[in-house]
Amino acid sequence: EAEVAQSPRYKITEKSQAVAFWCDPISGHATLYWYRQILGQGPELLVQFQDESVVDDSQLPKDRFSAERLKGVDSTLKIQPAELGDSAMYLCASSLTGFTGEQYFGPGTRLTVT
Amino acid sequence: GESVGLHLPTLSVQEGDNSIINCAYSNSASDYFIWYKQESGKGPQFIIDIRSNMDKRQGQRVTVLLNKTVKHLSLQIAATQPGDSAVYFCAENSKLVFGAGTILRVKS
């Protein structure tokens, strides 16, 4: 069964350092999402891509976060510099279409900023 | 602003009983809803969805009810099993807004 892949699964970094997460969506899925999930809360959408274009990044802290999906397939989310408050689970999801429909989530990257 | 929220943070049920998890939404224009299940250390997993032109939709052991009058969703799980223990989220898909989640604990 096809799955969304994410790496690394765990990342510990010091504040002010740069960190990057990678996501490979299910083959053929045009829409890719990055979410941040703080412990005890629901996922919060950071950015949504349709192919290589950003559809929604209204909740992305653009002073320190960036995301790209250059060839419309895999994607990278970067934080520079990392802050203590960035400690969270970063989830990637993909879907066939971006309007409605099931999103398939990856296992996430657990980030700890010290 | 728009929000999707859950009434109960934790629900404990006996194995074999039915579970009901509730969700309120504030955007009356919402037209599509999804329930997700998230087990510890994993990403959310799709359970069932419903469009606003429906009041009820059934899956395998799960039923979602939509009451547009009071802007309320519920997820019913029949014959709850230990494997159902997880956090359950409702989401309003057009804006990809998730509620805070309800923890379901199944007692054997």
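The values are calculated or read from the model by the stated rules, or taken from the named source; none is laboratory data. Computed from a predicted model, the values in this text were never measured in an experiment. Here the Cβ is made from the backbone with ideal geometry for all residues, glycine too, and neighbour counts use every protein chain on show. In case anyone asks, the SASA skips ligands and DNA or RNA and just uses the protein heavy atoms, side chains included. Shrake-Rupley method; radii C 1.70, N 1.55, O 1.52, S 1.80 Å.
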Per residue accessible area of the protein assembly as shown, 1.4 Å probe, in Å²:
49
Please list B:SER19, B:SER85 in order of solvent-accessible area, largest first, computed with a 1.4 Å probe with all protein chains present.
B:SER85, B:SER19
Spherically averaged projected area of the protein assembly as shown from its Cα convex hull (nm²)
12.4
Can you compute the modelled spin-label distance between B:SER26 and B:VAL70, with each label point 7 Å from Cα toward Cβ, in nm?
1.9
FRET efficiency for A:ALA20 and A:LYS62, using Cβ-Cβ distance with R0 set to 22 Å, rounded to 0.05
0.85
Which distance in nm do the two modelled labels at A:ALA5 and A:ALA30 give, with both placed 7 Å along the Cα-to-Cβ direction?
2.4
Per q in 0.13, 0.23, 0.24 Å⁻¹, report the Debye log10 I(q)/I(0) for the stretch B:4-107, using one uniform scatterer on each alpha carbon and no solvent.
-0.41, -1.27, -1.37
Probe 1.4 Å, all protein chains in place: accessible area of A:SER75 in Å², nearest 10?
0
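Kindly flag which residue pairs out of A:LYS78/B:LYS37; A:LYS71/B:LYS37; A:LYS71/B:LYS42; A:LYS11/A:LYS78 have an alpha-carbon separation exceeding 22 Å in this structure.
As for pairs spanning more than 22 Å Cα to Cα, those are A:LYS78/B:LYS37; A:LYS71/B:LYS37; A:LYS71/B:LYS42.
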What translational diffusion coefficient, in µm²/s and rounded to a whole number, does the Stokes-Einstein relation yield for chain A at 37 °C and a viscosity of 0.692 mPa s, taking the hydrodynamic radius as the Kirkwood radius over Cα pairs?
236
Tell me the label-point distance for the pair A:LEU96, B:THR10, using the 7 Å Cα-to-Cβ offset, in nm and rounded to one decimal.
4.0
Using a 1.4 angstrom probe on protein heavy atoms only, which residues from the stretch B:42-81 are buried by at least 20 Å² of accessible area when all chains are present rather than their own chain alone?
B:GLY43, B:PRO44, B:PHE46, B:ARG51
At a 1.4 Å probe, what is the % contribution of carbon and sulfur to the accessible area of the stretch A:16-65?
45
